[in-house]
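All remarks here apply to the structure that follows.
The values are calculated or read from the model by the stated rules, or taken from the named source; none is laboratory data. This one's a predicted model, so the numbers in the text were calculated from it and none came from an experiment. Cβ sites come from the backbone with ideal geometry, for glycine too, and all protein chains shown count toward neighbours. For accessibility, only protein heavy atoms count, side chains too; no ligands or nucleic acids. Shrake-Rupley method; radii C 1.70, N 1.55, O 1.52, S 1.80 Å.
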Amino acid sequence: AQKVTQAQTEISVVEKEDVTLDCVYETRDTTYYLFWYKQPPSGELVFLIRRNSFDEQNEISGRYSWNFQKSTSSFNFTITASQVVDSAVYFCALSGAGGTSYGKLTFGQGTILTVHP
Amino acid sequence: DTEVTQTPKHLVMGMTNKKSLKCEQHMGHRAMYWYKQKAKKPPELMFVYSYEKLSINESVPSRFSPECPNSSLLNLHLHALQPEDSALYLCASSQDLQLRGGEQYFGPGTRLTVT
């Protein structure tokens, strides 16, 4: 069975602070994929990043960066110099690469990020 | 263009009504998904279509009936719903089930209220 845990239910920061959203996963698949999605108040889930299990390179995209560590089964997301527009619910998700895992995203419970001006 | 569109944006229906939710994508994707999302919860998978065939049904009650008329369109027919079915219904698509882990792109959702 697959499981994604986002231990932080809610985080509140002031603009320009850095913030890290934690994600820990469990899977028995040797090949798997990890994702982060952003859900602003409008409701649409916005795809942010995909990571393959065999690629542990960290990634930076503007103010966003992701730290993937297989040894600790973690895929953490950092926003540098946060802005009010970053306020949203952020979901970490996992998909396997075998059998009945195809087509199924296992989501974490989400972290509500509020950035205050 | 990574756009998935959904209509209507909002829908209010009585428990005896029949209505349909529509989803469309023009990215050439061959897998399409329906999710249900309650407030403060993650999306829950309902159905998956792959190459226009139903691939996954997550034991969804028969009052929800999916349809995939062609590779770009996905419908969800609703009949005799219950108030607890009120939720945000999200459609998503991916290139296929396997490529890039089934990387999914979501539409804006239909906010459904059952009275």
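Just one of the listed residues (B:SER55, B:SER59, B:SER86) is of a type outside the set (A, V, I, L, M), at pLDDT 95 or above and surrounded by fewer than 20 Cβ atoms within 10 Å (Cβ to Cβ), and it is B:SER86. Quick check: is even one residue across region B:9-25 open to solvent by 80 Å² or more (accessible area, probe 1.4 Å) and modelled with pLDDT under 95? Yes, region B:9-25 has at least one match. Of all residues in region B:62-73, none are touching a residue at least 40 places away in the same chain (Cβ under 8 Å), among the acidic types (Asp, Glu) and open to solvent by 60 Å² or more (accessible area, probe 1.4 Å). Every condition in (1) of a type in the set (S, T, N, Q); (2) within 11 Å of the chain's Cα centre (by Cα); (3) open to solvent by 60 Å² or more (accessible area, probe 1.4 Å) holds for B:GLN6 except the one numbered (3). Where the second residue is not in a strand (DSSP E or B) and the first is among the acidic types (Asp, Glu) and lies in region B:13-28, which pairs have Cβ atoms under 8 Å and are six or more apart or on separate chains? Short answer, once both residue conditions are applied: B:GLU24/B:SER72. Residues of region A:33-49 include none that is in contact (Cβ under 8 Å) with a residue 60 or more places away in the chain and assigned to a loop (DSSP other than H, G, I, E, B). Restricting to region A:15-62, give me the number of residues that are away from every other protein chain (no Cβ under 12 Å), of a type in the set (Asp, Glu) and surrounded by 16 or more Cβ atoms within 10 Å (Cβ to Cβ). Number satisfying all stated conditions: 1.
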